[in-house]
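Asker: Can you read through this structure? Questions will come right after.
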Amino acid sequence: MAELAEKIGELAGSLASIKEQVGNLGSDFTAKLAATGEVSAELTSKVDKALVELGEATTRLGELEKRAAREIEGGSPIARGIGDHIVENASFEHGRLSLNERGRFRVGMERADITSANTTVGAGRSAGTSLVPGARVPGIVTPPNRQFTIRDLIAPGRTTSSSVEYVKETGFTNSAAPVAEGTTKPKSDLTFNLLSTQVRTIAHIFKASRQILDDAPALASYINARGTYGLKFVEENQLLNGDGTGQNLNGVLPQATAFAPAFAPAEETAIDRLRLAILQVILAEYPASGFVLHPTDWAKIELTKDLGGNYIVGNAMSPMGPTLWGLPVVQTQAISAGEFLTGAFNLGAQIFDRLDVEVLLSSENVDDFEKNMFTIRIEERLALAVYRPEAFVTGDVNPA
């Protein structure tokens, strides 16, 4: 059994080498084709030979794994190596590796270099503690994740450019009026301005040793999820609070209009203020589509009671999600406690995705190949256009 496991490990390593060779040849093939419009017979032959070797190695690995499964039926499966992940995640077309998928498969890592000698995720390490002990309770206990919500409110879109341009109406002189037959019609005027918003990149990289990926295969998918979560955590804050400087997005909150109520109700409450904010959006000729509140502020509103001790907004038995004045309430810690945001999220702003979240792994970075390390890059590219700042209103939840 040990000999079979060793053969599987060797073949998996060979697969990684063959895949790297195919990727290099694919890059040469594409470059030559783009530069001269033709490819030499020698290069074509090398590519075909490498692809045949990859197919044969993949078949042999599959047969060995089936044999291993039969021999250990009823026992513990053999730990799968990095080659298995490469085979599973590589892009194949009609049994051949696609040449534009060089060196890629989805797996993520944390910011600290992860090896079998440390167990911490982050900047520190735990000396003398093995991440691959002889026995361990299955699974990794993950910290709580924030529920992301801002993206769900804003209209989605896509772009293939590095910036998004849009035409914005900046003036309208409406001279429409009843006119007598045969008289000159009044002339109205429209003015426009061409605006643009830049596509920004949100990214981070991690390091991991090949040994830890071989010895703890479940760790790869776990860190992939955690790395993607870290990216989305920053995205949420950028969409809401980005100040537009440097490589930051220009978020909705900094562009929103300050709360300016049309009137002051008697004995004003937080619920009154949010209704007046809706009114302000409506008076700007936009229909409000939701609220963004800190969870603490929303809990205070839900616990508001009348003189008889009855809840005004909250209903502990209601199956419906949080709503106020007929609009959904989004709770997120991305907004400061005591502050609110409302507006026409579906009309006044739009997200343009240039590159969805992408996780790439490579051993060809700096001295990774020498040290048997992998570099993992997780990134996305997107732009945010806030078409009408007056369609959004922000201010203090509670009356002064």
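Asker: Is there a residue in region 275-295 that is farther than 17 Å from D396 by Cα, touching a Phe, Trp or Tyr at 6+ places or on another chain (Cβ under 6 Å) and not in a helix (DSSP H, G or I)? Break it down into steps so the answer makes sense when it comes.
Answerer: Kept after step one, since they are farther than 17 Å from D396 by Cα, are these residues of region 275-295: 282-289.
Narrowing further to those that are touching a Phe, Trp or Tyr at 6+ places or on another chain (Cβ under 6 Å): 289.
With the extra rule that they be not in a helix (DSSP H, G or I), the set shrinks to 289.
Within region 275-295, one or more residues are farther than 17 Å from D396 by Cα, touching a Phe, Trp or Tyr at 6+ places or on another chain (Cβ under 6 Å) and not in a helix (DSSP H, G or I).
Asker: Shifting gears a bit: Given the criterion free of Cβ contacts under 8 Å to residues at least 24 places away in the same chain and not basic (K, R), identify the matching residue among T296, T269, T228, T245.
Answerer: Values: T296 fails: free of Cβ contacts under 8 Å to residues at least 24 places away in the same chain; T269 fails: free of Cβ contacts under 8 Å to residues at least 24 places away in the same chain; T228 fails: free of Cβ contacts under 8 Å to residues at least 24 places away in the same chain.
Exactly one of T296, T269, T228, T245 is free of Cβ contacts under 8 Å to residues at least 24 places away in the same chain and not basic (K, R), namely T245.
Residue by residue, here is whether (1) surrounded by fewer than 18 Cβ atoms within 10 Å (Cβ to Cβ); (2) out of contact with any helix residue (DSSP H, G or I) (no Cβ under 8 Å at 6 or more places or on another chain); (3) farther than 24 Å from A260 by Cα holds:
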site	(1), (2), (3)
A284	no, no, no
H294	no, yes, no
W298	no, yes, no
K305	yes, yes, yes
N310	yes, yes, yes
N315	yes, yes, yes
G321	yes, yes, yes
A334	no, no, no
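Asker: Restricting the search to region 313-346, which residues are modelled with pLDDT of 90 or more, among the aliphatic types (A, V, I, L, M) and in a loop (DSSP other than H, G, I, E, B)?
Answerer: Of everything in region 313-346, those that are modelled with pLDDT of 90 or more, among the aliphatic types (A, V, I, L, M) and in a loop (DSSP other than H, G, I, E, B) turn out to be A334, I335, A337, A344.
Asker: Condition test on F263, is it among the aromatic types (F, W, Y) and closer than 23 Å to T149 by Cα?
Answerer: Values: among the aromatic types (F, W, Y): yes; closer than 23 Å to T149 by Cα: no.
Spelling it out, it is not the case that F263 is among the aromatic types (F, W, Y) and closer than 23 Å to T149 by Cα.
Asker: Related question: Are any residues in region 182-225 at pLDDT 85 or above, within 28 Å of the chain's Cα centre (by Cα) and either surrounded by fewer than 18 Cβ atoms within 10 Å (Cβ to Cβ) or not in a strand (DSSP E or B) (or both), and if so, which ones?
Answerer: L195, S196, Q198, V199, T201, A203, H204, I205
Asker: Run down L274, L347, L253 and say which single residue is surrounded by 19 or more Cβ atoms within 10 Å (Cβ to Cβ), touching a residue at least 60 places away in the same chain (Cβ under 8 Å) and either under 23 Å from the mean Cα position of the chain (by Cα) or under 30 Å from R200 (Cα atoms) (or both). Lay out the reasoning, then the answer.
Answerer: Working: L274 fails: either under 23 Å from the mean Cα position of the chain (by Cα) or under 30 Å from R200 (Cα atoms) (or both); L347 fails: surrounded by 19 or more Cβ atoms within 10 Å (Cβ to Cβ).
Among L274, L347, L253, only L253 is surrounded by 19 or more Cβ atoms within 10 Å (Cβ to Cβ), touching a residue at least 60 places away in the same chain (Cβ under 8 Å) and either under 23 Å from the mean Cα position of the chain (by Cα) or under 30 Å from R200 (Cα atoms) (or both).
Asker: Oh, and also: Can you confirm whether region 305-312 contains a residue that is farther than 30 Å from A16 by Cα, outside any helix (DSSP H, G or I) and of a type in the set (D, E, K, R)?
Answerer: Start the filter on region 305-312 by keeping residues that are farther than 30 Å from A16 by Cα, which leaves 305-312.
Cutting the leftovers down to outside any helix (DSSP H, G or I) gives us 305-312.
Now drop any that are not of a type in the set (D, E, K, R), which leaves 305-306.
Scanning region 305-312, I find at least one residue that is farther than 30 Å from A16 by Cα, outside any helix (DSSP H, G or I) and of a type in the set (D, E, K, R), so the answer is yes.
Asker: Oh, and also: Would you point out the residue of region 139-152, among those that are closer than 17 Å to Q350 by Cβ and either out of contact with any Leu (no Cβ under 9 Å at 6 or more places or on another chain) or modelled with pLDDT under 70 (or both), that is surrounded by the most Cβ atoms within 10 Å (Cβ to Cβ)?
Answerer: Step one: list which residues in region 139-152 are closer than 17 Å to Q350 by Cβ, which gives 149-152.
Checking which are either out of contact with any Leu (no Cβ under 9 Å at 6 or more places or on another chain) or modelled with pLDDT under 70 (or both) leaves us with 149, 152.
Numbers: T149: 17, D152: 12.
The qualifying residue surrounded by the most Cβ atoms within 10 Å (Cβ to Cβ) is T149.
Asker: Further, regarding this structure: Just to be sure before I move on: is E370 modelled with pLDDT under 90, exposed (fewer than 13 other Cβ atoms within 10 Å of the Cβ) and under 25 Å from N24 (Cα atoms) in the structure I sent?
Answerer: Yes, satisfied.
The values are calculated or read from the model by the stated rules, or taken from the named source; none is laboratory data. All values derive from a computational prediction rather than experimental measurement. Don't worry about glycine lacking a Cβ; one is built from the backbone with ideal geometry, like all the others, and counts go over all protein chains shown.
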